[in-house]
Amino acid sequence: MAADRVPNSPHHRRSCSHGRRRRRQNRPTRFWNLTRNTISEFYLAPSGTSNWGPNQCKNDKDGTVDHDERLRITNVPSGTYDAKFTDVTGRVCTVRDVKIEVGAIFTIEEKDLKSCER
């Protein structure tokens, strides 16, 4: 059997990880809302900047992200971002240094909310 077909060979492990990465890139990046409220606006900016992108809630059919719902994120490459959102109670929150990987799901939980205003 060739080395690239031996399950525990370094080449096989490398090619398997590349395959997973390719499959992940074909899946949508998604935000999973684990805050207690429905989110009506959701923006991302490269960490430490105020270069907020478009309202990602527009990617949802009803324009909001309920608690425990996942939202498709578009046109955001892998990296570290600040997230800013408004929920239906009027609370505006910013979460710093959110790691986003293309094709993966990232979460924001209520315990992550350190900077919120009304």
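Odds and ends about this structure:
- Applying 1/(1 + (r/R0)^6) with r as the Cβ-Cβ distance of ARG118 and ASN75 and R0 = 30 angstrom yields a FRET efficiency of 0.50.
- Placing a pseudo-label 7 Å from each Cα along the Cα-to-Cβ vector at GLU109 and ASP68 gives an inter-label distance of 1.6 nm.
- Lysine pairs in region 28-117 whose alpha-carbon atoms fall under 18 angstrom of each other, counting only those eight or more residues apart or on distinct chains, come to 6.
- Grouping the Cα pair distances of region 28-117 into 5 Å bins from zero gives a pair-distance distribution of 3, 15, 29, 31, 18, 4, 0 percent in increasing distance order.
Each reported figure results from applying straightforward, stated rules to the coordinates on display, with no laboratory input. Nothing here was measured: the structure is a model prediction, and the numbers come from that model. As a convention, Cβ positions derive from the backbone with ideal geometry for all residues, glycine included, and neighbour counts pool all protein chains shown.
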